[in-house]
1. Can you go through Ala322, Ala306, Ala261 and tell me which one is under 24 Å from Glu210 (Cα atoms) and crowded, with 17+ Cβ neighbours inside 10 Å?
2. Considering only residues of the range 243-257 that are of a type in the set (Gly, Ala, Ser) and modelled with pLDDT under 95, which is surrounded by the fewest Cβ atoms within 10 Å (Cβ to Cβ)?
3. Quick one: Gln240 ticks every box in (1) modelled with pLDDT under 95; (2) more than 16 Å from the ligand (Cβ to nearest atom) except a single one, so which number is it?
4. Got a sec? Which strands (runs of 3 or more DSSP E) wholly within the range 1-56 have at least 1 residues that are under 14 Å from Ala120 (Cβ atoms) and over 19 Å from the mean Cα position of the chain (by Cα)?
5. Picking from Pro315, Pro324, Pro330, which residue would you name as being in contact with an Asp or Glu (Cβ under 7 Å, 6 or more places away or on another chain) and in contact (Cβ under 8 Å) with a residue 12 or more places away in the chain?
6. With respect to Leu70, determine if the residue is more than 25 Å from Pro321 (Cβ to Cβ), part of a strand (DSSP E or B), out of contact with any Asp or Glu (no Cβ under 7 Å at 6 or more places or on another chain) and not charged (D, E, K, R).
7. Quick one: in the range 202-227, of everything that is in contact (Cβ under 8 Å) with a residue 60 or more places away in the chain and crowded, with 17+ Cβ neighbours inside 10 Å, which residue is nearest to Asn179 (Cα to Cα)?
8. Output the residue which, of all residues in the range 88-108 that are more than 16 Å from the ligand (Cβ to nearest atom) and touching a residue at least 24 places away in the same chain (Cβ under 8 Å), is farthest from Arg166 (Cα to Cα).
Amino acid sequence: MSVTSEPFGSTAAGHPVERYTLRAGSVEARVITYGATLVALRAPDRSGTMADVVLGFDSLAPYLRHHPYLGSLVGRFANRIAGGRFSLDGASYQLPVNNGPNHLHGGPGGFHAVLWQAEAGDDAVRLRYHSPDGEQGYPGALDVSVTYTLGADGALRLDYEARCDRATILNLTNHAYFNLAGSGNILGHKLQISADHFLPVDATLIPTGELRPVEGTPLDFRAPTPIGARINADEEQLRQAGGYDHCYVLNHGGDLGVIVARAVDPLSGRVLEVRTTQPGVQFYSGNFLDGSLRGRGGQPYARHCAFCLETQHFPDSPNQPAFPSTVLRPGEIYRHSTIYRLTAESPS
Ligand code: GLA
């Protein structure tokens, strides 16, 4: 187990950015202090060949420009808030509208685009950020931290913690894009999600409020199914999102002991297992990637070249009283954890 760090350039304002490398067994994770971003996650396939299984860039510059949240720590509120509006304790708030008519991923100056303070441990790096009252339109000052810990069993664990000085809303996630083959597309990856229901969305990808059974729909991943098997099905939900971009209501939401999602690349044998304390997971099949973004080694990031399993509370919760609450009050401690574990399996 080891943690090392090195300089990774500096921001436009001249602040130095550091890159931390965590190594445990044969897995290696890299996190930068800009956006608390997971920039690399290298793991062996079934014959021991290493590959990077998350999308990322080789240098800092592309992270500083607007990008589709590759590995970003997303907050204050991951996913969409309708019209960027919500009310809390009788006051109304307007957040920046940065995705069609809606607020997405904390706004343009969200947690993915700020500099975090890092502190290394033996097998972990803890990143902290103080978000002032009113930042990106959100009420209350917030002290937030995320700790990335790499275990010898190939598990990358993210522990989130936050406290506020005034009631606010919070929904943190990590937006890693996985490709267990390390290149090509993910349509042949088999995915399983333990969810009997998903949240259908409207044309602007805001949940309608309904919890819809996956049964009989191409969104059913209760049994392992190739991501590409039904992605082009003539179904309204898939059409309007251009593929999968839906929040699944986890059957065992809140229980870190249960594997809630599992993806396998049959060719390399690499397996990703996801566990979380969160009630939902946004499964996004990289629908908006179009090859114009060039990532690691100059690779064009094409449509469906990666998938995200963003563990989180439900989108637009502040406007949906039936959804679990995302309100944080002074004196309370926000705590969530997610574990992404990488292993490899032999051909069956
Ligand atoms: C999330 C959203 C998608 C898209 C990506 C980033 O997964 O749900 O609609 O915005 O982030 O491009």
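1. Ala261 is the lone residue from the list that is under 24 Å from Glu210 (Cα atoms) and crowded, with 17+ Cβ neighbours inside 10 Å.
2. The selected residue is Gly254.
3. Every condition holds for Gln240 apart from (2).
4. The strands (runs of 3 or more DSSP E) meeting that bar are 2-10, 16-24.
5. Pro330
6. no
7. At the first step, the residues of the range 202-227 found to be in contact (Cβ under 8 Å) with a residue 60 or more places away in the chain are 204-207, 209, 221, 227.
Remaining after also requiring crowded, with 17+ Cβ neighbours inside 10 Å: 205-207, 221, 227.
Numbers: Leu205: 24, Ile206: 26, Pro207: 27, Phe221: 18, Ile227: 12 Å.
Per the criteria, the residue is Ile227.
8. Of everything passing the filter in the range 88-108, Gln94 is farthest from Arg166 (Cα to Cα).
The values are calculated or read from the model by the stated rules, or taken from the named source; none is laboratory data. Predicted, not measured: the structure shown is a model, and the values here were computed from it. Note that we place each Cβ from the backbone using ideal geometry, even for glycine, and neighbour counts take in every protein chain shown.
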